[in-house]
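Step one of this worksheet: look at the structure below.
The values are calculated or read from the model by the stated rules, or taken from the named source; none is laboratory data. Just so you know, these numbers come straight off a predicted model, no measurement behind them. Note that we place each Cβ from the backbone using ideal geometry, even for glycine, and neighbour counts take in every protein chain shown. The area values use the complete protein model at the heavy-atom level, side chains included, leaving out ligands, DNA and RNA. Shrake-Rupley method; radii C 1.70, N 1.55, O 1.52, S 1.80 Å.
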Amino acid sequence: MVQDGVMKYVLSYMVRISIGGRMRQNFERGILLLLWGALLFSGFGCDGSGSSRAQGRLVPLQDNWERAVEQQTIPKGLRSISAKSCGRCHVRQYEEWQYSTHSHAWTDAQFQAELKKESSPFMCINCHIPLQNQQDSIVKGLVDGDIYRPVKEGNPGFDRRLQAEGVTCAVCHVLNGKIIGLTGSEAAPHPVLLDSAFLSERLCISCHNAVAVVTPTLACTFETGDEWKAGPYYGRKTCIDCHMDTLSRPLVPNYPVHLSHHHYFRGSGIPKSKGAKTKVFNGLDFALSIEPGDSSGGDSVRFSFVVANAHAGHRVPTGDPERFFALHFEVRDNRGEEVFRRVERIGEQWEWYPKARKLTDNNLYPGEKRRYSYAIPIPGKRPFVAHIWVEKHRLSEEAAKYNHLCEAYPRFITVYDTTFILSVKR
Ligand code: HEC
Ligand code: HEC
Ligand code: HEC
Ligand code: HEC
Ligand code: HEC
């Protein structure tokens, strides 16, 4: 996501607000930007006592945001909060979570490449490994409020294995020595706290919505939460309803059957490494129609391809602005010579210099349909072969090269592919 040395993804980690020690989020974009302004420009805060390492004033992190979720203790009855250890009992949830990109949020080659850049501020990690337990240092404050000058201290409670698990079980389920759940089961060996406000779509949105323009070339923009709120599914279906479909099964083998949720977090389905397990979620429906030849202005055949965002509760693509769909239309004659070729793109295009700004955006809104229609001249009435295929891309080839991601890093998958004969009927 960081291209041409410029950062798109920012620190707008202020989306998470801590109230009474809990992870809570701030939905108001306005407040978000306000907080930014406050931190960056007003310089309120205490003097930097104890910041002997750095010259300048130590501005403490604001209580509410920007920091890691506080260090979590291991709930009674458990020996660890790692996904692997939860997985000894919650076998299915663990297996499923391994398919999700949540489990790769730290190890992902692209994330690691971007994190190493100087332009990436320290808070990049706060959505990818949000628990303090997952971070090797504790950030005490910022020198002069500068996000590129955090004052760090070693974290004695650092757990490297938990770090590697990225958005792990404990991120969503462990709080203040308890396991957050919604089932109300009494059989668990660990304390359970029922909290439907915490374990709701608000939790998802705390990471899946961030909008901020910090410096002219520093903007952060992924708005899945806002797109959902503005769309037809708001009040009807939540992130969890669609991304964690339900089934009946025991939560632990040999326990009674309960209402349960798949933990695949199906999404784009583009694997994070060659051969990595993944589950595709298709938001788009495709419909092809071939219209009879029109011989008035010479023989030709018209075909239409309709793409509809039929299943996603937000725009498609959503999230990372580097995502796009490429629609390929190709017609060849009976000797294999190309006679027609078109590539259409669905996604956003950004310019990062000299000022971050969106150039184009034709993402599909929930329910939106788009028609691509072409007339192909068919001289001599020979049959032609048409080939249509649709690719879903995580990032462009240039961006992959820029990040030194090797050939083995999967950039896209094909979600539709068809070949058919075009001929003029008499
Ligand atoms: C030693 C086995 C064991 C381990 C380890 C374990 N659990 Fe559980 N857990 C259970 C059992 C048993 C239940 C209750 C099952 C039932 O009621 O049918 C349960 C229930 C749950 C529930 C549902 C609670 C509710 O009432 O809604 C959640 C969520 C959960 N565990 C998460 C976790 C997480 C996260 C971890 C790792 C940090 C973990 N568990 C570790 C055995 C375990
Ligand atoms: C991104 C957040 C997230 C992560 C990561 C996550 N869960 Fe969950 N989990 C949920 C939500 C949300 C629910 C409850 C859904 C509901 O009831 O509406 C849930 C429900 C559960 C339940 C209750 C039964 C069920 O299936 O609904 C268990 C047990 C559970 N999770 C275990 C785990 C384990 C084990 C892991 C790690 C391997 C894990 N979860 C990772 C969000 C998460
Ligand atoms: C702590 C932050 C955090 C929370 C909470 C969170 N996510 Fe995520 N989610 C991420 C990150 C980071 C990634 C991307 C990881 C990567 O690509 O390496 C991601 C990826 C995803 C993807 C896959 C995107 C793809 O590439 O296909 C889906 C779907 C998703 N999350 C849904 C959810 C849902 C639903 C919830 C709420 C139950 C949720 N997330 C909660 C941080 C979070
Ligand atoms: C009505 C069902 C539905 C709802 C509600 C929904 N999603 Fe999705 N989501 C989808 C589908 C389908 C896709 C796959 C889109 C595609 O790539 O074709 C998707 C894709 C994603 C992706 C992957 C990004 C990408 O471009 O592939 C993320 C991340 C995500 N959703 C997060 C969320 C979050 C967070 C919420 C709640 C604010 C949410 N979704 C609500 C159905 C839903
Ligand atoms: C507000 C929370 C948040 C912060 C802060 C954040 N990310 Fe992410 N990141 C996400 C989410 C959510 C996704 C998944 C987006 C999606 O799939 O729609 C993601 C995905 C990614 C991906 C994978 C993109 C892909 O196409 O699979 C990379 C790389 C990444 N982030 C890098 C960074 C860098 C670098 C920073 C700091 C400059 C950063 N992130 C800060 C939440 C965050």
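Within the bounds of the stretch 293-307, is there any residue that is modelled with pLDDT of 95 or more and under 30 Å from M244 (Cα atoms)? Yes, some residue in the stretch 293-307 is modelled with pLDDT of 95 or more and under 30 Å from M244 (Cα atoms). Looking at S206, is it surrounded by fewer than 17 Cβ atoms within 10 Å (Cβ to Cβ) and under 20 Å from the mean Cα position of the chain (by Cα)? No, not satisfied. Of the residues contained in the stretch 200-211, one or more are found to be closer than 30 Å to G347 by Cβ and of a type in the set (D, E, K, R). Residue count for the stretch 93-120, restricted to those that are over 19 Å from the mean Cα position of the chain (by Cα) and part of a loop (DSSP other than H, G, I, E, B): 4. On the stretch given as the stretch 370-426, residues that are in a strand (DSSP E or B) and either within 16 Å of ligand 1 (Cβ to nearest atom) or hydroxyl-bearing (S, T, Y) (or both) total 7. Residue count for the stretch 67-113, restricted to those that are away from ligand 2 (no atom under 12 Å from the Cβ), over 18 Å from F265 (Cα atoms) and open to solvent by 60 Å² or more (accessible area, probe 1.4 Å): 8. Can we say P189 is at negative phi, more than 10 Å from ligand 2 (Cβ to nearest atom) and touching a Pro at 6+ places or on another chain (Cβ under 8 Å)? So P189 fails the test. Taking the criterion of being of a type outside the set (D, E, K, R) and out of contact with any strand residue (DSSP E or B) (no Cβ under 9 Å at 6 or more places or on another chain), the residues of the stretch 396-426 that qualify are A400, H404, L405, C406, A408, Y409, P410. None of T246, T221, T215, T238 is open to solvent by 30 Å² or more (accessible area, probe 1.4 Å), more than 30 Å from I388 (Cα to Cα) and modelled with pLDDT under 90 except T215. Among the residues making up the stretch 307-335, those that are away from ligand 4 (no atom under 16 Å from the Cβ), open to solvent by 40 Å² or more (accessible area, probe 1.4 Å) and either aromatic (F, W, Y) or touching a strand residue (DSSP E or B) at 6+ places or on another chain (Cβ under 8 Å) (or both) are R332, N334.
Only one of the numbered conditions (1) over 28 Å from T414 (Cβ atoms); (2) not assigned by TED's automatic domain parsing to the domain that holds H208 is violated by A230, and that is (2). For the stretch 249-275, the candidate set comprises residues that are hydrophobic (A, V, I, L, M, F, W, C) and surrounded by 15 or more Cβ atoms within 10 Å (Cβ to Cβ); within that set, the residue that is nearest to E391 (Cα to Cα) is I270. For F286, the conditions (1) at pLDDT 95 or above; (2) part of a loop (DSSP other than H, G, I, E, B); (3) over 14 Å from the mean Cα position of the chain (by Cα) are fulfilled apart from (2). Might you check whether a residue that is within 30 Å of Y353 (Cβ to Cβ), among the aromatic types (F, W, Y), open to solvent by 40 Å² or more (accessible area, probe 1.4 Å) and in contact with a strand residue (DSSP E or B) (Cβ under 9 Å, 6 or more places away or on another chain) occurs anywhere in the stretch 139-157? Yes, the stretch 139-157 contains at least one residue that is within 30 Å of Y353 (Cβ to Cβ), among the aromatic types (F, W, Y), open to solvent by 40 Å² or more (accessible area, probe 1.4 Å) and in contact with a strand residue (DSSP E or B) (Cβ under 9 Å, 6 or more places away or on another chain).
Only residues that are among the aliphatic types (A, V, I, L, M) and open to solvent by 50 Å² or more (accessible area, probe 1.4 Å) were counted in the stretch 336-374, giving 3.
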